[in-house]
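Below: the structure, in structure tokens.
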Amino acid sequence: MFEHEDFERYEFENVPLDRDLYLVDQKYMSDYESMMTRFLTDYKNNPYENVGYVSYAAARKALDNSIELSWYVNISDRFHEVSIILPREQFVSCVGCQACDEKPRIFVKGEWLDSFMHDRSPFFQ
């Protein structure tokens, strides 16, 4: 996946630190890759489309078996930041595309993302 030359692929240990990124359920990987490949190949005839749902975050530190993340509960300010741990076994892939100013997306296992969102989000309490 993500073979187009404009994609940046990041290994678990090399996820970009201290910059905005998105957490995304792995079920959207294929659709996102297809949309972006079409867009990168011919953006005039293939408009950018939002694919799936994203959670706003920033990676703070990569450890051997986990990544420390800051999850932004809301995006209207940066004061509602929650520290979370992404276990290595829940990480699927990380991809970005600076050529179109796309923030890196960390694709994670859906069960982890669902349980994380429901356990920690005030919107699901």
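FYI, it's all coordinate maths here, none of it is from the lab. In this text the structure is predicted, and so the values were computed from the model without any measurement. Cβ sites come from the backbone with ideal geometry, for glycine too, and all protein chains shown count toward neighbours.
A compact table of results
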item: Net charge contributed by nearby residues that have their C-beta within less than 10 Å of Ser83 (K/R +1, D/E -1); result: -1
item: Beta bridge orientation in region 8-124: antiparallel %, DSSP, nearest 5; result: 85
item: Where GluC sites (Glu not before Pro) in DSSP loops with at most 15 other Cβ within 10 Å are excluded, longest remaining stretch of the chain; result: 50-125
item: Candidate aspartates and glutamates - alpha carbon under 20 Å from Lys44, same-chain residues fewer than 8 apart omitted; result: Glu5, Asp6, Asp31, Glu33, Asp101, Glu102
item: Reach of Lys27 by Cα under 17 Å, taken over aspartates and glutamates that are not fewer than 8 positions away in the same chain; result: Glu49, Glu89, Glu111, Asp114
item: Between helix 29-41 and the chain: long-axis angle, C-alpha atoms, 0 to 90°, nearest 10; result: 40
item: Extent along principal axes [Cα atoms of region 1-62; Å; largest to smallest]; result: 39, 24, 19
item: All-pairs Cα distance distribution in the chain, expressed in whole percent, bin size 5 Å; result: 2, 11, 21, 24, 19, 13, 7, 3, 0
item: Estimated 222 nm signal from helices in the chain, with DSSP H stretches of n ≥ 4 weighted -39500 (n - 2.57), rounded to 500; result: -6000 deg cm²/dmol
